[in-house]
Amino acid sequence: MLTSTDARTRIGFDPVEFPHRYGDPRDIEVSALLAAGLAYGRADLFRPKVDALLRQMGDSPAAFVRALDVRGTRKLLTGFVYRFNVGTDVAVLLMGMGRVLREQGSLEALFVQGLQSRGTLHGALDHFTTALRAVPMEALRAALGPERGLHHLLPSPLGGGAAKRLNLFLRWMVRGPDTVDFGIWTRVPAAALLVPLDTHIGRISRHLGLTRRSDLTWRTAEEVTAALRALDADDPVRYDFALCHYGMSGACPAQPVPENCARCPLLQACEVGPGVVAMATRRVGGTTGRKGNGLSETRRR
């Protein structure tokens, strides 16, 4: 669906562009979790926010968060607002990452600790976010004001939502390395990952018969991943980037476009596209009084 060349182009429209700026695994981890955490809403709105923070953090985000204290968060994050999140929320994330790097050496070590103790991906992520939130909240509130969207940024307890941005972060860290993903976490198998379920993946998954569910929940993500596992048991989320960007690019919009459906490489597997194409063909054929390829008639007009 997407060639490697296409993937390189699409990285510029994806929050994974930020960790691709770095070469050190610890810098990749830190920048990736920050970028994934704020990657909601419109890309043209969250990208400048992430970019500005990373630029202020210097050449090594990992070194920055290791040394970060409450005074440093005040300098970095006073006045920060992005939709649900304010400076205190982001300060918790950054200071939490710094503490983990100082104590355990990597974010991977914390996640693996949770995976071993809890035994499930959901449990490991719950352990991960809970540990990251173990920072001096009263001091941060005094410096930056009360938190607002901390649970949105670092949900704890994790709950039944799809945890799209956390699973996106895991995909970047675990699978690969390839054009998009890094594969720097070697102690977590790609087979254990869950698809980062969002509106694009949900819609396209329903079109392809990967799920019948319409809710964006952990259970739906499990169902979609199970269907993808039938295609690649060792790396089921390898399809996520291509499918998501097929929706993001407008090739598969929420309201189907007949011409898009007609040239879609997934048309034969789709449960929606053939009907859209057939209806458009009948409509144009009835209008012109001709039979045949109505989509071709539409394109010639």
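The values are calculated or read from the model by the stated rules, or taken from the named source; none is laboratory data. Source: prediction; values computed, not measured. FYI the Cβ positions are ideal-geometry reconstructions off the backbone, even for glycines, and counts take in every protein chain you see. Side chains included, ligands, DNA and RNA excluded: accessible areas come from the protein's heavy atoms. Shrake-Rupley method; radii C 1.70, N 1.55, O 1.52, S 1.80 Å.
Here are a few things to note about the model shown:
- Filter pass, Leu158 being crowded, with 22+ Cβ neighbours inside 10 Å and either polar (S, T, N, Q) or in contact with a helix residue (DSSP H, G or I) (Cβ under 9 Å, 6 or more places away or on another chain) (or both): no
- Residue in segment 188-207 that is out of contact with any Cys (no Cβ under 6 Å at 6 or more places or on another chain), closer than 26 Å to Leu267 by Cα and among the acidic types (Asp, Glu) present: yes
- The condition of being among the charged types (D, E, K, R) and farther than 20 Å from Lys49 by Cβ holds for only one of Arg133, Arg83, Arg165, Arg148, that being Arg133.
- Residues of segment 191-227 satisfying the condition of being aliphatic (A, V, I, L, M), open to solvent by 10 Å² or more (accessible area, probe 1.4 Å) and assigned to a helix (DSSP H, G or I): Ala191, Ala192, Ala226, Ala227
- Any hit, segment 22-30, residues being touching a residue at least 12 places away in the same chain (Cβ under 8 Å), part of a helix (DSSP H, G or I) and hydroxyl-bearing (Ser, Thr, Tyr): no
- Ser31 falls short on exactly one of the conditions (1) of a type in the set (Ser, Thr, Tyr); (2) open to solvent by 10 Å² or more (accessible area, probe 1.4 Å); (3) closer than 21 Å to Val174 by Cα, and that condition is (2).
- Test: Ala134 is at pLDDT 95 or above, assigned to a loop (DSSP other than H, G, I, E, B) and among the small types (Gly, Ala, Ser): yes
- Leu2, sole failed condition from (1) at pLDDT 95 or above; (2) part of a loop (DSSP other than H, G, I, E, B); (3) aliphatic (A, V, I, L, M): (1)
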